[in-house]
Amino acid sequence: MPNTPGPGGGDFPERSLTPEGQKIVEAVRSTETELPTLSSVVFELNRLTDDPIASSKDFEAIIMRDPALSAKVLQVANSVYYSAGSGVTSIRMAIVRIGMSGIQDLAMSISLVNTFGKKSKTSEVSIEELWRHSLGVAVSAAALARACPVPTAAEDAFTGGMLHDIGKAILIELDPDLFIRLVQTSHEQNITFREAEQKILGVSHDEIGELYAKFRNFPPRLLPALARHHLPALDNDYTRLDLVVHVADVVVNRLGVGDSGNGAMPAMISSAITRLRIDKAALPDLIAQACAQVDNLLTVLL
Ligand SMILES: [Fe+2]
Ligand SMILES: [Fe+2]
C-alpha cells in the first residue's frame, strides 16, 4: 500500500491508511460531508479571549445573539456546579459569576454536546458516557493546570479536555457500526481504542479530531489537546495543553469516569507527570475531587 499523506496535512511515511481509514479521512476532508459544525458564537467568544481590550459587555453581546445558548448558560450558571446561592437571571450576572474564560468553556461544552447529539447512536458506548468522560477530562485538566507549579500554557485546559476526543464523536457520526467494531475489537483483544483504530483504520481519533478542527478553523492553540493528548510533546520547558489533557485523560480512564471505549487502559507517559511537577500519589485524589462535579454539570448540559 502506498504511503498516504497524514490527515492533518503532514506526512506519516511510517504507516498507511487502510481503505476504511482512507474513507473516514476523505469524509472529514470533504466539504460535501454533512458533519456537525460548532456554533460560530463559540469561536467568536474564543477570539475575544485573545483581545486584550475585550470586556464582559463584548462577551454578553455575542452570547445573547444565540438564544438557545443564552438559556443554557443561565441554566448551568444556576446549577450546583457554579451556584453560590442567589439566582443568576442575566447573562451579565452569569459572566460575573463564572468569569469570561469560564463562559467560553461553558459555551464550548454546550455547543459540543448539542452539536454532536445527546442520544446514543451506538449500543457499545453511549454518547452520554463519552460526554461524561470528556467532562471528567475537562474539569481534571483545569484542576491540574491550577495545581501545577510550573509556568503553564494551559488556560484552555477545560475546553481542551472537553474537545480532546472529538475524533470519536466524529467517528460515531460518520459510521456508528465502525465505532462499535472498534470498541468490540478493543475489548476482545484487550487493547486501547486507539490501538484498535490503528489496526482497523491506520488512523486514530486524535488525528481525525485534528483534521476536523483544522478544516473547521478551530483556534490553533486548542489543537495540541486534540492532536497530541496521547503523545504529548515533552520538548518545551513549560506546561502545554497536551500535557495536562494527557495526564487528566489517563487518570479519568483509570477512575472509570464515563466510558471512552477503551478495552485496555491507555498508558501514562511517566515523564508527563514529572514535567507537571505534581506528586504522583496526589493525582488520583486531585482528579477524583474534580470529577465529583461531573454528574451535576452533565445533568444540566444534556
Ligand atoms: Fe483519546
Ligand atoms: Fe479521552
Checklist entry - Listed highest first by mean packing, meaning other Cβ atoms within 10 Å per residue, what order do 34-45, 102-113 come in? => result 102-113, 34-45
Checklist entry - What ranking of Arg29, Arg132, Arg228 emerges when the number of other C-beta atoms within 10 Å of each C-beta is taken as an exposure proxy, fewest first? => result Arg29, Arg228, Arg132
Item to check | Between 0 and 90°, nearest 10: helix 241-255 axis offset from the chain longest Cα axis | outcome: 80
Checklist entry - Tell me, what ³J(HN,Hα) does each residue in segment 182-188 have, in order and in whole Hz, if you take phi through Karplus 6.51 cos²θ - 1.76 cosθ + 1.60 with θ = phi - 60° and put x for Gly and Pro? => result 5, 5, 4, 4, 4, 6, 5
Checklist entry - Given 5 Å bins starting at zero, what is the percent of C-alpha pairs of segment 37-115 in each, up to the one with the largest pair distance? => result 3, 17, 31, 26, 15, 7, 1, 0
Item to check | Rg over Rh [alpha-carbon atoms, Kirkwood Rh] for segment 205-269 | outcome: 0.99
Checklist entry - What 222 nm value per residue comes from the helices of the chain, counting each DSSP H run with n ≥ 4 as -39,500 (n - 2.57) and dividing by all residues, nearest 500 deg cm²/dmol? => result -17500 deg cm²/dmol
Next on the checklist: Counting only Cα atoms, I'd like the Rg/Rh figure for the chain, Kirkwood definition for Rh.
Outcome noted: 0.96
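Where a number appears in this text, it was derived from the coordinates with a stated rule and is not lab data. Since this is a predicted model, take the numbers as computed values, not measurements. For neighbour counting, all protein chains shown are included, and Cβ atoms are generated from backbone atoms with ideal geometry for every residue, glycine included.
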